[in-house]
Amino acid sequence: VLPTIPFGVQTGQSDIDLCLNMMPSTQAAVLRDIVNTLRGQSARKLVIINGHGGNDFKQMIRELQPPHSKGATANRTAPLLVTMNWWQVVDPLAYFTEPGDHAGELETSVMLHVAPSLVRPLGEAGEGRERRHRIAALRERWAWTPRPWTRVTADTGIGDPRAATAEKGAAYFSAVTEKIAGFLVELAAADPEDLYE
């Protein structure tokens, strides 16, 4: 288990004090260095468990994962690269009425379970209303552009956190942890050269 990297793409929050940004190109360079180090140590698998919605590792993995052509010797030394977003592992609607998008019921509940001292009293929370895009495609989210958080929300929260509880967070966290653990056990037993039926 490698150390966590507590930085992510924060370009939409650059006007918020102490919101530290790591550009995608920097993330790609860090990931490239990690993969090259692991390749030299004959590691066969690397799973990136992402904790921040601004990060997207798919294109980086496509660039770092060599082509899988028959007989290619490079494939034998490159680790299998996998990414996941922890909040997408288990359907949140089974646990939360309004999961929210950023600091809503889901994230706040999990934080109340994991690190309650970092959560301000819920009575101080806003309603998590998002100022919607005027452009339909962006509003419907089939087109995308970075969101300037201080213009999109009153307090950078999207989704009402006021229904959050540590108990909901514990239940969701447990379900996510169990599912990720099952995946890691299955992946550990799998041969990266023989993943398809």
Next item on the list: Tabulate in residue order the Karplus-calculated ³J(HN,Hα) for the range 164-175, using 6.51 cos²θ - 1.76 cosθ + 1.60 with θ = phi - 60°, rounded to whole Hz; enter x for Gly and Pro.
Entry: 5, 9, 5, 5, 4, x, 5, 5, 5, 4, 4, 5
Next item on the list: Evaluate E = 1/(1 + (r/R0)^6) for Asn21 and Glu197, where r is the Cβ-Cβ distance and R0 equals 41 Å; express this FRET efficiency to the nearest 0.05.
Entry: 0.45
Note to self: If I ignore ligands, DNA and RNA and count only protein heavy atoms, how much of His102 is accessible to a 1.4 Å probe, in Å² to the nearest 10?
What the structure shows: 40
Check: Which residues' amide hydrogens lie under 5 Å from the amide hydrogen of Lys45, considering only partners 5 or more residues apart or on another chain, with H built in the peptide plane?
Finding: Leu80
Margin query: From the protein chains alone at 1.4 Å, what is the descending order of accessible area for Glu193, Glu63, Glu98, Glu105, largest first?
Written below: Glu63, Glu98, Glu193, Glu105
Margin query: If you fit an axis through the alpha-carbon atoms of helix 105-114 and take the longest principal axis of the Cα set of the chain, what angle between them do you get, 0 to 90°, nearest 10?
Written below: 70
Next item on the list: Collect residues whose amide H, placed 1.01 Å from N in the peptide plane, falls under 5 Å from the amide H of Asp155; neighbours closer than 5 in sequence don't count.
Entry: none
Item checked: For Thr177, solvent-accessible area (1.4 Å; no DNA, RNA or ligand), Å² -> 70
Checklist line | Ranked order, Phe183, Phe173 - accessible area, probe 1.4 Å, largest first | finding: Phe173, Phe183
Margin query: For Cα pairs less than 8 Å apart in space and 6+ apart in sequence, what is the mean separation divided by the residue count of the range 77-197, i.e. the relative contact order in percent?
Written below: 36
Item checked: Under the Karplus curve 6.51 cos²θ - 1.76 cosθ + 1.60, θ = phi - 60°, whole-Hz ³J(HN,Hα) for the range 39-56, x wherever Gly or Pro sits -> 4, x, 9, 6, 5, 9, 8, 9, 10, 9, 9, 8, x, 9, x, x, 8, 9
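The values are calculated or read from the model by the stated rules, or taken from the named source; none is laboratory data. Quantities reported herein were computed from a predicted structural model and do not represent experimental measurements. So basically every Cβ, Gly included, is an ideal-geometry build from the backbone, and we count neighbours across all protein chains shown. Areas reflect the complete protein model, heavy atoms only, side chains present, ligands, DNA and RNA absent. Shrake-Rupley method; radii C 1.70, N 1.55, O 1.52, S 1.80 Å.
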